[in-house]
Each structure stands twice: as C-alpha cells, then as structure tokens.
1. If each Cα of the chain is one equal point scatterer, what is log10 of I(q)/I(0) from the Debye formula at q = 0.11, 0.17, 0.22, 0.23 Å⁻¹?
2. Taking only the C-alpha atoms, wrap a convex hull around the range 7-59 and report its volume per residue in Å³ as a whole number.
3. Of Glu89, Glu68, Glu41, which is the most mobile in a GNM of the chain whose springs link Cα atoms less than 10 angstrom apart?
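Please treat every number below as a calculation from the coordinates, not as lab data. Keep in mind that what you see is a predicted model, and the values were worked out from it rather than measured.
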Amino acid sequence: RYAKDNIPQLEKRIQSNENKLAGIRARPEHQIKPGEAEKVEDAIIKDKQSIVNQHARGIFIKECIRDELMYFQQSQYHVSRLHQDWSHERVKYAELQADNWRALSEELEGMPIGE
C-alpha cells in the first residue's frame, strides 16, 4: 500500500467521484439515497488527503536520502583525515627514531674502542 505513489490513480478517482457527485446533485431530491452525496464527498476528501500525504512522504524520503549522503560524505572525510593524520604521525615518529639512532651512533663513534 505504501510502497509506491499512486497519485495519478487517485487523481482519476477524484475526477470520477466529482463527476459522480455532480450527477447526484443534478438528480431530483427524491431519487437521491440518504447519505449518498456525503459518502462520495468523504471519498473525495480522503483521496485528496492521501495525495497530500504522499507528496509529503516523497519530500521526506528525498530529504532523508540527502541527509544520508551528507553523513556518508562527512564520514568519508573524517576517515580520510584520520588516515592522513596517522600517516603524518608515523612519518614524524620514524624521523625521530632515525634521529635517535644517529645520535646514538655519533655517541658510540666517540667512545674508546679499547684496543
């Protein structure tokens, strides 16, 4: 029932019911069943409300999809940024470690060998 929009069918049904209502009102009073016109009017009102609800539902779905795409893109950005930051930190750490080894090597070069 809610899987797809059936607005064109509802518009046709509204048009048909409006024609039926006009036909009912054109008949003499004694040929009209009690509550017949009200029943058709209620059907028209319900169909129009259904069209409004389906339009609102379509807009809601589009906004949800837009929000999901924005969230996805933001998540991708954050993951990329975290990976870049991690890579930069790894490079800095590797450089510091290399500096430490160089400093240790220089200190060892200055030590007496004991020969």
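1. -0.69, -0.95, -1.14, -1.17
2. 53 Å³
3. Evaluated over the chain, the most mobile residue of the options is Glu89.
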